[in-house]
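Nothing in this text is a laboratory measurement; each read-out follows from the coordinates by a stated rule. Worth saying up front: this structure is predicted, and the values here are computed from it rather than measured. Note: ideal-geometry Cβ built from the backbone for every residue, glycine included; neighbour counts use all protein chains shown.
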Amino acid sequence: LIADKLLAASKDGNPPEEIPITSTLAEKLANLQKSDKFAIFTGCLLTVGEVVHRPEDKKALGEKYGALALDMETSVLAQIAAVKDVPFLSVRAISDTVEEELVDVSSFVEPNGEISKLKAGWYVLTHPASLRKFINLKDIAQQATKNLTEFLMVFLKAKS
């Protein structure tokens with residue numbers, strides 16, 4: 001996903017803040033040669049404060065804000081880039097579809113964002129069916145990394 005619009009959801013229920021995207025960079029990417037190894041979508045990215053693991057919640061947020069994807073990091077990166085006056089563009093390799101349910105990690109992620117291995121282990125012991133999702137997550141993350149790497153190769157070739 002190439003974000004041409006970035007929204008940062010607030011935890012207090014207020015409407016999300018729109019964060020500027022350097023449009024000239026997004027426009028250049030729109031003209032990249034297409035690859036048969038990945039698909040390029042351009043649209044709104046919504047940054048949220050916690051993992052949205054249920055498909056119905058992902059779908060509702062997407063419909064409410066016109067977002068093609070959700071993440072948890074991009075708005076913070078964009079805000080840092082703006083403070084430092086660095087052009088910013090978000091290109092995301094999406095690892096899960098709207099229909100896929102993710103593992104609810106809220107019980108083993110510490111307030112600082114670190115994963116408690118003890119709590120994660122306990123979660124797997126008490127939710128044995130989740131083990132398959134964790135194993136699949138590794139494969140999905142590797143595929144997303146390959147897709148993003150391929151995209152960057154196409155992008156860098158176009159820049160030279």
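With the contact rule set at Cα under 8 Å and sequence spacing of 6 or more, what percent relative contact order holds for segment 1-142? Show your work: numbers first, answer last.
Details: 182 pairs, mean separation 34.9, N = 142.
Over segment 1-142, the number comes to 25 percent.
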### Message
Can you compute the helix-only [θ] at 222 nm over the chain? Use -39500 (n - 2.57) per DSSP H run of at least 4 residues, normalise by all residues, nearest 500 deg cm²/dmol.
### Response
-14000 deg cm²/dmol
### Leading residue at positive end of dipole, the chain (Cβ point charges), from Ile80, Ala141, His127
Ala141
### Task
Taking the Cα centre of the chain as origin, work out the dipole magnitude from +1 charges on Lys and Arg Cβ and -1 charges on Asp and Glu Cβ, in debye rounded to 20.
540
### Summary
In debye to the nearest 20, the charge dipole size for segment 70-160, taken about the Cα centre with +1 at each Lys and Arg Cβ and -1 at each Asp and Glu Cβ, equals 380
### Task
Could you count how many Lys pairs in segment 46-160 have their Cα atoms under 22 Å apart, skipping same-chain pairs fewer than 8 positions apart?
11
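Give the relative contact order (percent, whole number) for segment 78-146; include only Cα pairs under 8 Å separated by 6+ residues. Present the calculation step by step, with values, prior to reporting the outcome.
On the way: 31 pairs, mean separation 21.9, N = 69.
RCO, segment 78-146: 32 percent.
Which is the longest part of the chain that has none of the trypsin sites (Lys or Arg not before Pro) sitting in a DSSP loop with at most 15 other Cβ atoms within 10 Å? Intermediate values should be presented prior to the final figure.
On the way: sites that count: Lys11, Lys34, Lys37, Lys84.
Excluding the exposed sites themselves, the longest stretch runs over 85-160.
Between exposed GluC sites (Glu not before Pro) in the chain, where DSSP calls loop and at most 11 other Cβ atoms lie within 10 Å, what's the longest gap? Don't jump to the answer; show the numbers that get you there.
Numbers: sites that count: Glu73, Glu99, Glu114.
Between the exposed loop sites, the longest stretch runs 1-72.
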## Note on the structure
For the chain, the Cα convex hull volume per residue in Å³ comes to 139
